[in-house]
Structures are given as structure tokens and as C-alpha cells.
Amino acid sequence: MNIVVLVKQVPDSGSERGLSADDKTVDRGSANNVINEMDEYAIEEALKIQEAHGGEVTVLTVGPQQAAESIRKALSMGPDKAMHVVDDALHGSCALATSKVLAAAIGRLSPDLVISGAESTDGRVQVIPHMIAERLGIAALTGARKLVVDGATLTVERQTDEGYEVVTAATPAVVSVWDTINEPRYPSFKGIMAAKKKPVETLSLADLGIAADEVGLSGASSAVVEAGKRPPRQGGTKVTDEGDGGVKLVEFLASEKFV
Amino acid sequence: MTPGVAMTSLDLLDLDSLHSDEERQIRDVVRRMVDERVRPFVAGWYEDGEAPVRELIKQFGSIGLLGMHLTGYGCAGASAVAYGLACLELEAADSGVRSMVSVQGSLAMYAIWRYGSEEQKRAWLPAMASGEAIGCFGLTEPDHGSDPASMATRARRDGDDWILSGGKMWITNAPVADVAVIWARDPEGIRGFVVPTDTPGFTAREIRHKMSLRASATGEIVLDDVRLPDSARLPEGRGLRAPLSCLTQARYGIVWGALGAARDCLSVALDYAVSREQFGRPIAGFQLTQAKLADMALELQKGYLLALHLGRRADAGSMTPEQVSVGKLNNVREAIAIARQCRTILGANGISGEYPILRHANNLESVLTYEGTSEIHQLVVGQKLTGLSAFS
Ligand SMILES: Cc1cc2nc3c(=O)[nH]c(=O)nc-3n(C[C@H](O)[C@H](O)[C@H](O)COP(=O)(O)OP(=O)(O)OC[C@H]3O[C@@H](n4cnc5c(N)ncnc54)[C@H](O)[C@@H]3O)c2cc1C
């Protein structure tokens, strides 16, 4: 089973992040850029399937030149090769445009399975896997906390607020995963040393037959009009226990719809 | 502690830029594993005098940390510099945890890798690299420490077999080991043996009441007429040169490791000094504190340059034992001085197990002694300088 794993480089969610002042896109220049955390779970899932069923695992990234570093890190976990779509015209692309580029790249790889994280920690729109599936005309099994491969049948436990749904589909399909699905491995030293020698194919928009004006800031279907800092935290509410502390607590929780 | 503000600023000279991406990546993986699997628990292990050695070794094996600088037989084949960085990150958590890895990789595995038969290598190295099997290295004896040449443990022939009798003392990992590399004397000199610890006559008892290296298992080995086939003998391991060459490997790791303990102390002390206020301002603002911090940061960076220089020489195949003595003597001595100085900055908190500093300082007392005491390394350097041996 050949698998494509979508890997995005994002600013480290553990450190200060911001939008750049001029075009209000994510400021990647001043940030510490890392692999989107959820994508590590996607890589792990792909590797586990590969270990059980064979085939090839390819990392696919759409992103600026510096994302090459994250691609190497992803490869150090074990995937066989990578494809990197890099083009200046991609800067500021919306989810729709990004999904178009990803779908075109996936089309060239024609895998049996595409695995991605359920969301990225910068955009957090959660729609890319669905959009890709739609564009490719294949099934989308999203938000998985468990994935079972049986021949050409995929069975997924889809995480919901209440519990989970069991959904199945035939390959090829797109599966997106949450961090409940597995425990990503640490890259091994052998993996780190081998990653340097693994093939990374670099493609431009032209290679994929996509015009520059279909993507990027100019081709975006949505625009950030304004961005501001979150207002400072309000002081908390102090409840003095006059024998009715319990009741007051419940009232507070109920008023905030926690209970 | 994740690389915080303090830790980044400790690299005054940007020595990080002297590393390749690969070296940094290997370091980062070890740092992450240590942050997630060791740091949250190590103070407790130390206090209890008990670490989950087997579990830890398996985790370290899963990333290729064990015998990482060796090639073939499941070993990662990384550079000496990468190995040094791994030792540094491990010892930044605890010297005992680094010792566990040093003994496994640099002493037990190296001895088999360098002096063992093909059969011994196949039997032990892959299992030791993955952490399935734990190794120890028995050279020191109750009555023979700095002077191993006069060891009392004997190997005698009995038909085709060998019989080992005697005892070893202060042996790291011995209480949990599956295999022991034991050095013994026969009429022709010193020989090494690969001894499965379940061989009849072999017993290992845990040494208790340690005030140092409490998160590491240390044992006493008794060899009561342990019968071994000739295939247990390390065919190439003849003379004292053999165990000493293993020690050179492990000492090299210590040159880096000690810096880890020192770095951890200094970054904790720096954070503490900036936030602790006395006389109405942070104690970091006092000139005496700044002098301490500056001097310590200098020694840390100088020690790092020394370690890196040795590492590059090791990778080029030109590192000599005397050079490793220079590194071990200097870096352990400076690390322990840094740990003690950092302790003063934390005042009473400096003696608390809530902070890592006294634990590091106490650990470094062992590091100062094992793998050749400071005095012995002074004598090695002294002999190199003067041409005169003070040993005999
Ligand atoms: C926690 C721990 C773990 C250890 N793990 C191992 C292990 O895994 N395997 C192993 O084989 N050993 C191990 N050792 C033993 C260690 O290597 C020895 O303790 C060390 O070599 C010193 O020997 P000794 O303790 O017998 O001290 P001694 O040799 O008795 O030395 C006592 C003092 O005398 C000084 N001295 C000795 N000779 C001279 C001289 N000629 N000139 C000047 N001063 C001298 C020494 O420097 C020291 O200060 C471990 C030790 C510790 C504490």
C-alpha cells in the first residue's frame, strides 16, 4: 500500500507567534518553525501501516524553501521519500488554493492512501483533507482516532464530541488523524543519518500545471482584513464561602454552561 | 528543562554553529527523550536510590543511543561528536543515567565490538544495541582500583574450559546486567571474558548507601569458580591495554557528559538569580553574583571547545589517551566547581532535592573518581610532559 503523508511546517505553537504586519499572513520568518504536531501522528500511522502491509511512504509538503528542514526531519522518522512543492507565488494561499496544489501533487503520486493531521496549529481550519478528497473524487475519513487497514478496505473510528463513529471506505481515500491515534516514534539516529540521502523531489506550480494567479494572496478566496491581540485577561470572580459556597459554585458553572 | 532563555544565552560564543545539522538533530532527539522520559522522574529515582534501568535502556536503544558510535551489528554508526552531544544531554538530566549508557556502549559493547569473536559480536551486540540485553564492565576490585594491573581475579584453564575466581567492586549496571565483561589474570597476563550473568558461580549484589549516583545501579560481583567455555574469552583482548582502550572511549564521553551536569546547574542558577530578590533587587544584579555567573559561563564554553576538539580528533582517528586525560581532568574538575558555585547562588534551596544542583554536585564526585581519578589523569599528563612515570 503506497501512502502519502501530508506534512506542514508551522511556527512552534509553544512559542510566541504572530502575523506579519504588511500582508497579515503567518509570520514564518521570526518564528521557530517545526513540523505541525498532528502530522507526526500521521507519519507514525503511515509507518505502522507500511510495517504491516509494505509499500512506500512519501512525505508531501507545500511550503516555502525553509520547509525543506521539516521534510528532512519527517524523513528521519522513516518515510522513504518526499515531494516538496515550493513556489514564491504560493505565499498567502487560502485553504482552497492549497488543497488544489496538494491534490495536483497527490495526483502525480497516485497513492492508495493519503494521511494527514486533522488540523494544523497555525491555520486550524480542518478542511484541507476534505477538500483534497473532494477534488480527487475519493472518500474522506476524517478525525480518526483509530485506523484499520484490511486489504483495500479502510475502517476508521472517527472521534466526535460524544464518542466515536465507525466509518469505512475503499481505497484510495484521505484519512486525517487526531493525536489520540498513536504515539509517534522518536527519530532514530540511523533514521537521521539516512534522511540526508533520501530523495526529495522539488516541484513548482508550473510543474503541476497550476497558474500563479490561481493561488497566493491574489487568488485567495478569503482575506484577513484585520488582526489584533487578544484582550488582556479579565480579573477573576471571587466567591466568598458563606456556607453556600457549593451552591454558588454550581450556579457559576451552570451560568458558564460547564454543567 | 527545555532550552529556555537561560540555556540559549549560555552559548556566548555561538558554539552551536560549529555543529552539522545532523549533529544538532541527534542532540535534539536525545534532549527531547530526556525531557520526556527522564527529567520528570529522575529526582524521585535519586531519592529512592533506584532507577528503572531496564525500561530506560530499552527506550534509549529504540533511538539507537546504545553503542551509537560503533558500526555494524545493529549499532547506529554515528560520529564521536554526536555521541558526545548525546552524553551531554543525558548527563544534563543525571550523571547516573549517562553512566548507564556509557557503560553499556563504551565499555561493555565496545569491548566486545573491538576484541570479541564474530560469534560473540553476533550473540551480544544487536541485543545490547536495542537494549534487550544490559551489559556491565568489571575491572575494579575491592583492593585494586587505580592500579588494575595488580588485580587479584584469576583465570585458570581446566581442560578446554576456563575457571574465573575473584571479585569485582563498584561495577555500574552489575545488579541488572545480562552480560558482564570481566577482566582477569592468567599466568600470561590480563584477559577479558564475556560472562552471561546467569552462569553458575556468578553473583552480583547491589551496593547500597551511596550518596552519589543514586539513580544508577552499582554492584559488587563475586566470581566463585565460574566455569566458561573458551568461546567466552575475548580472543583479541590481551593485556591491560585492552581494558584501558575501553576506558579511553568511556572517558571521552565523560568529557562531554560532565558539561551537561554543569550546564544544567548553571541554567538553573541563572534563572534563580534573575528571579530571587534580596535587598530589594534580583540577586543576579549584584556584582559578586555576576562575577560567579560570568566565570562559570566561561569555563563551560572553554570545556565545550575542548570536548569538541577531542571529538573532531576522534572522528579523524587521531585522538590520543593523554588528550582524553586532559579533557576528563579539566571538564570534570570544572563541572564540579560549577555545581558547587551554583549551589551557593541558590542559598538554602541549593541543598534541596527540589532543585537538581546538589544532586549533580554529588553525582560528579563519582565522575571525578571513576574512569581514572583526577590524580591519575594528572599523572598521565605529567608523564607526557616529563617523560617520567610517577606510577611505578
Ligand atoms: C559510582 C561508581 C561506579 C563505578 N563503576 C565502575 C565500573 O562500571 N567498572 C569498573 O571497573 N569500575 C567502576 N568504578 C570504580 C572506579 O573506576 C574506581 O573507584 C577508581 O578507579 C578508583 O579506584 P579506588 O576507588 O579503588 O581508589 P584508589 O585507587 O584506592 O584511590 C584512592 C585515592 O588515591 C589516589 N591515588 C591512587 N594511586 C595514586 C597514585 N599513584 N598517585 C597519586 N594518587 C593516587 C586516587 O587518585 C584517589 O584519590 C566505579 C566507581 C564508582 C564510584
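Of B:Phe41, B:Phe202, the sequence from fewest to most neighbouring Cβ atoms within 10 angstrom is B:Phe41, B:Phe202.
Computed from Cα positions, the angle between helix A:95-109 and the longest principal axis of chain A comes to roughly 30 degrees. Here the Karplus curve 6.51 cos²θ - 1.76 cosθ + 1.60, taken at θ = phi - 60°, turns the phi angles of the range A:232-249 into couplings of x, 4, 6, x, x, 9, 9, 10, 8, 7, 10, x, 10, x, x, 4, 4, 4 Hz, with x standing for Gly and Pro. About its Cα centre, the dipole of chain A is roughly 580 debye, where the only charges are +1 on Lys and Arg Cβ and -1 on Asp and Glu Cβ. For A:Met83, the residues whose amide H sits under 5 Å from its own are A:Val59, A:Leu60, A:Thr61, A:Glu201, ignoring neighbours fewer than 5 places away on the same chain, with H placed 1.01 Å from N. Cysteines in the protein assembly as shown that lack a partner Cβ within the 4.7 Å cut-off: A:Cys94, B:Cys75, B:Cys87, B:Cys136, B:Cys246. Note on the protein assembly as shown: with charges restricted to the Cβ of Lys and Arg (+1) and Asp and Glu (-1), its dipole about the Cα centre is near 1560 debye. Take the alpha carbon gyration tensor of the range A:76-173, find the square roots of its eigenvalues, order them as a ≥ b ≥ c, and report rounded if a/c is under 1.5; if not, report prolate when a/b exceeds b/c, else oblate. Cα axes put the range A:76-173 in the prolate bin.
Can you classify the range A:51-110 as rounded, prolate or oblate using the Cα gyration tensor, where a ≥ b ≥ c are the square roots of its eigenvalues, rounded means a/c under 1.5, and otherwise it's prolate if a/b beats b/c and oblate if not? In terms of gyration-tensor shape, oblate.
Counting every other Cβ atom within 10 Å of each residue's Cβ, B:His309, B:His209 order from fewest to most as B:His209, B:His309. Relative to the longest principal axis of the Cα atoms of chain A, the long axis of helix A:67-76 makes an angle of roughly 80 degrees.
Name the helices (complete DSSP H segments) of chain B with a Cα length along the long axis of 30 Å or more and a Kyte-Doolittle mean of at least -1.0, or state none.
Qualifying helices: B:241-275, B:287-316, B:321-345.
In this label model, A:Asp150 and B:Glu375 are separated by 7.3 nm, measuring between points 7 Å along each Cα→Cβ vector. Percent of Cα pairs in chain B per distance bin of 10 Å, from zero to the largest separation: 5, 24, 33, 24, 10, 3, 1, 0.
What's the angle, to the nearest 10 degrees (0 to 90), between helix A:37-53's Cα axis and the longest principal axis of chain A? The angle comes out at about 50 degrees. Let me have the 222 nm mean residue ellipticity of chain B computed from DSSP H runs of 4+ only, each contributing -39500 (n - 2.57), with the sum over all residues rounded to the nearest 500. That comes out to -17000 deg cm²/dmol.
Counting only helical runs of four or more DSSP H residues, what would the 222 nm mean residue ellipticity of chain A come to if each run contributes -39,500 (n - 2.57) and the total is spread over all its residues?
Mean residue ellipticity at 222 nm (helix-derived): -8000 deg cm²/dmol.
Taking a ≥ b ≥ c as the square roots of the Cα gyration tensor eigenvalues, with a/c under 1.5 meaning rounded and otherwise prolate when a/b beats b/c, else oblate, which class fits the range B:88-199? Because a/c hits 1.5 or more and a/b fails to exceed b/c, the range B:88-199 counts as oblate.
Largest GNM mean-square fluctuation across A:Ala211, A:Ala74, A:Ala144, computed for chain A with C-alpha springs under 10 Å, falls on A:Ala211.
In the range A:2-214, a dipole from Cβ-located charges (positive for Lys and Arg, negative for Asp and Glu) runs towards its positive end, and of A:Ile192, A:Thr153, A:Ile138 it is A:Ile192 whose Cα lies farthest in that direction.
For chain B, the residue among B:Gly280, B:Gly201, B:Leu18 whose Cα projects farthest onto the positive side of the dipole built from Cβ charges is B:Gly280. Built from the Cα atoms of the protein assembly as shown, the convex hull projects on average onto 37.4 nm², one quarter of its surface area. Above 25 angstrom, tally the Cα pairs of the range A:2-214 and express them as a % of all pairs, no decimals. More than 25 Å apart: 34 percent of the Cα pairs in the range A:2-214. Other residues within the sphere of radius under 14 Å centred on the Cβ of A:Ala104, judged by their own Cβ, net out at -2 (K and R +1, D and E -1). The separation of the range A:218-259 from the range B:112-150, counted between C-alpha centres, amounts to 61 Å.
Distances between placed amide hydrogens fall under 5 Å for A:Ala140 paired with A:Val174, all partners being 5 or more residues away or on another chain. 3J(HN,Hα) along the range A:206-222, derived from phi through the Karplus expression 6.51 cos²θ - 1.76 cosθ + 1.60 where θ = phi - 60°, amounts to 4, 4, 8, x, 10, 7, 4, 7, 7, 10, x, 4, 5, x, 6, 7, 9 Hz, with x in place of Gly and Pro. Among the listed pairs A:Lys196/B:Lys328; A:Lys48/A:Lys198; B:Lys210/B:Lys302; A:Lys198/B:Lys58; A:Lys100/A:Lys197; B:Lys58/B:Lys168, a Cα-Cα separation exceeding 24 Å is found for A:Lys196/B:Lys328; B:Lys210/B:Lys302; A:Lys198/B:Lys58; A:Lys100/A:Lys197; B:Lys58/B:Lys168. Residues A:Val10, A:Val250, arranged from fewest to most other Cβ atoms within 10 angstrom of their Cβ, appear as A:Val250, A:Val10.
Read-outs: derived from the displayed coordinates by stated rules, not from any lab. None of these values were measured; they are calculated from a predicted model. Virtual Cβ from ideal backbone geometry, glycine too; neighbours counted across all protein chains shown.
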